[in-house]
Amino acid sequence: MQLSFEQAILQRRFAPARYPQGRFEGRGIVICAGGERYFTCAWVLISILRRVHRCTLPIQVWHLGHREMTEEMKALLVDEKIEVVDADAVVARYPARVAGGWPLKPYAIAQSRFREVLYLDADTVPLVDPQAVWTWKEYQENGLILWPDQIDIKTSNPIWTKLGLTPSERMSIDSGIIVADKARVWDILDLA
């Protein structure tokens, strides 16, 4: 029997962990930026946040070990009062399979020290101070804001068969910008 997407979510084909009360606090920005290309993008993004928008939120830059972040790169970020987080070290304490760049995004959001996270891809450029998102009605009501991607998921996509779900047309989500109150959406983060 194939389940619809809604049925699968309702049946919770996964057992989400409980939100770890007291482990996270405050608001902050999380950026994943490993390697020269994304480090350069993150540097531009941070410069725009700090110097153009005068954003004072704490920022964490996540990477996957020494192969992605040199000591010189770390020093540049630390000089700007940016917290550099080696995901390899965090995985040792909070195990997960983070097999490359994009899987690091939900992990970094979930494991960052912030309760409320504004995740920005390193290659995004906000045109206004992004911390205004916390005042938006949609965020206040739901604790999560996601933006649509350009390409929707079609019924012909093989993902439906792989997941054993009834194919349906769905909007896909762009993972480049996410705003989340982890206390309110922990089950979704745990699934991701």
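The values are calculated or read from the model by the stated rules, or taken from the named source; none is laboratory data. Since this is a predicted model, take the numbers as computed values, not measurements. Glycine gets a Cβ as well: all are built from the backbone with ideal geometry, and neighbour counts include every protein chain shown. Surface areas here come from the heavy atoms of the whole protein model, side chains and all, with no ligands, DNA or RNA. Shrake-Rupley method; radii C 1.70, N 1.55, O 1.52, S 1.80 Å.
Answer yes or no as to whether Ala132 is among the small types (Gly, Ala, Ser) and open to solvent by less than 30 Å² (accessible area, probe 1.4 Å). Spell out the reasoning first.
Values: among the small types (Gly, Ala, Ser): yes; open to solvent by less than 30 Å² (accessible area, probe 1.4 Å): no.
No: the conditions fail for Ala132.
Within region 27-47, count every residue that is among the aliphatic types (A, V, I, L, M) and without any contact (Cβ under 8 Å) to a residue 24 or more places away in the chain. It would help to see each step written out before you state the result.
Taking region 27-47 and keeping what is among the aliphatic types (A, V, I, L, M), we get 29-31, 33, 42, 44-46.
Within this subset, residues satisfying the condition of being without any contact (Cβ under 8 Å) to a residue 24 or more places away in the chain are none.
The total comes to 0.
Just one of the numbered conditions (1) among the hydroxyl-bearing types (Ser, Thr, Tyr); (2) surrounded by 12 or more Cβ atoms within 10 Å (Cβ to Cβ); (3) out of contact with any strand residue (DSSP E or B) (no Cβ under 8 Å at 6 or more places or on another chain) is not true of Ser112; which one?
(3)
Give the residue that is farthest from Ala183 (Cα to Cα), with candidates limited to residues of region 135-152 that are open to solvent by less than 50 Å² (accessible area, probe 1.4 Å) and among the hydrophobic types (A, V, I, L, M, F, W, C).
Within region 135-152, the first condition is being open to solvent by less than 50 Å² (accessible area, probe 1.4 Å), and the residues that meet it are 139, 143-145.
If we keep only those that are among the hydrophobic types (A, V, I, L, M, F, W, C) too, we end up with 144-145.
On the way: Leu144: 11, Ile145: 14 Å.
Top of the filtered list is Ile145.
For region 93-105, does any single residue satisfy the condition of being farther than 23 Å from Thr135 by Cβ, assigned to a helix (DSSP H, G or I) and either at pLDDT 95 or above or touching a Ser or Thr at 6+ places or on another chain (Cβ under 9 Å) (or both)?
Step one: filter region 93-105 for residues farther than 23 Å from Thr135 by Cβ, giving 93-105.
Cutting the leftovers down to assigned to a helix (DSSP H, G or I) gives us 93, 104-105.
Now drop any that are not either at pLDDT 95 or above or touching a Ser or Thr at 6+ places or on another chain (Cβ under 9 Å) (or both), which leaves 105.
Looking for residues that are farther than 23 Å from Thr135 by Cβ, assigned to a helix (DSSP H, G or I) and either at pLDDT 95 or above or touching a Ser or Thr at 6+ places or on another chain (Cβ under 9 Å) (or both), one finds at least one in region 93-105, hence yes.
Restricting to region 54-80, name every residue that is at negative phi and of a type in the set (D, E, K, R). So that I can check it myself, show each step before the final result.
Keep residues of region 54-80 that are at negative phi, which gives 55-64, 66-80.
Selection gives Arg67, Glu68, Glu71, Glu72, Lys74, Asp79, Glu80.
Mind listing just one residue for me: the one in region 48-60 that is under 19 Å from Lys105 (Cβ atoms) and free of Cβ contacts under 8 Å to residues at least 60 places away in the same chain and, of those, surrounded by the most Cβ atoms within 10 Å (Cβ to Cβ)? Walk me through it before giving the result.
So in region 48-60, the residues under 19 Å from Lys105 (Cβ atoms) come out as 49, 57-60.
Right, trim to free of Cβ contacts under 8 Å to residues at least 60 places away in the same chain and you get 58-60.
Details: Pro58: 15, Ile59: 24, Gln60: 20.
Ranking the qualifying residues of region 48-60, first place goes to Ile59.
Hey, which of the helices (runs of 4 or more DSSP H) in region 117-192, taking only ones fully inside, have at least 2 residues that are more than 25 Å from Arg18 (Cβ to Cβ) and at pLDDT below 95?
Values: elements: 137-142, 159-163, 182-191.
So the answer is 159-163.
For Asp181, are the conditions met, namely being of a type in the set (Asp, Glu) and in contact with a Leu (Cβ under 9 Å, 6 or more places away or on another chain)? Working first, answer last.
On the way: of a type in the set (Asp, Glu): yes; in contact with a Leu (Cβ under 9 Å, 6 or more places away or on another chain): yes.
Taking the combined requirement at face value, the residue satisfies it.
What do you reckon, is Lys74 of a type in the set (D, E, K, R), under 15 Å from the mean Cα position of the chain (by Cα) and open to solvent by 20 Å² or more (accessible area, probe 1.4 Å)? Quick ask: steps written out before the conclusion?
Details: of a type in the set (D, E, K, R): yes; under 15 Å from the mean Cα position of the chain (by Cα): no; open to solvent by 20 Å² or more (accessible area, probe 1.4 Å): yes.
Judged against the criteria, Lys74 is not a match.
Within region 134-161, count every residue that is free of Cβ contacts under 8 Å to residues at least 60 places away in the same chain, within 25 Å of Cys55 (Cα to Cα) and in contact with a helix residue (DSSP H, G or I) (Cβ under 9 Å, 6 or more places away or on another chain).
The total comes to 6.
Pick from region 77-92 the residues that are of a type outside the set (D, E, K, R), at pLDDT below 95 and open to solvent by 40 Å² or more (accessible area, probe 1.4 Å): which of them is farthest from Glu36 (Cα to Cα)?
First, pick out the residues of region 77-92 that are of a type outside the set (D, E, K, R): 77-78, 82, 84-85, 87, 89-92.
Still in the list and also at pLDDT below 95: 87, 89-92.
Subset that is open to solvent by 40 Å² or more (accessible area, probe 1.4 Å): 89, 92.
Numbers: Ala89: 20, Ala92: 25 Å.
Here the answer is Ala92.
Residues of region 2-47 being open to solvent by 90 Å² or more (accessible area, probe 1.4 Å), closer than 21 Å to Val90 by Cβ and at pLDDT below 95, which ones?
Across region 2-47, the qualifying residues are Arg18, Gln21.
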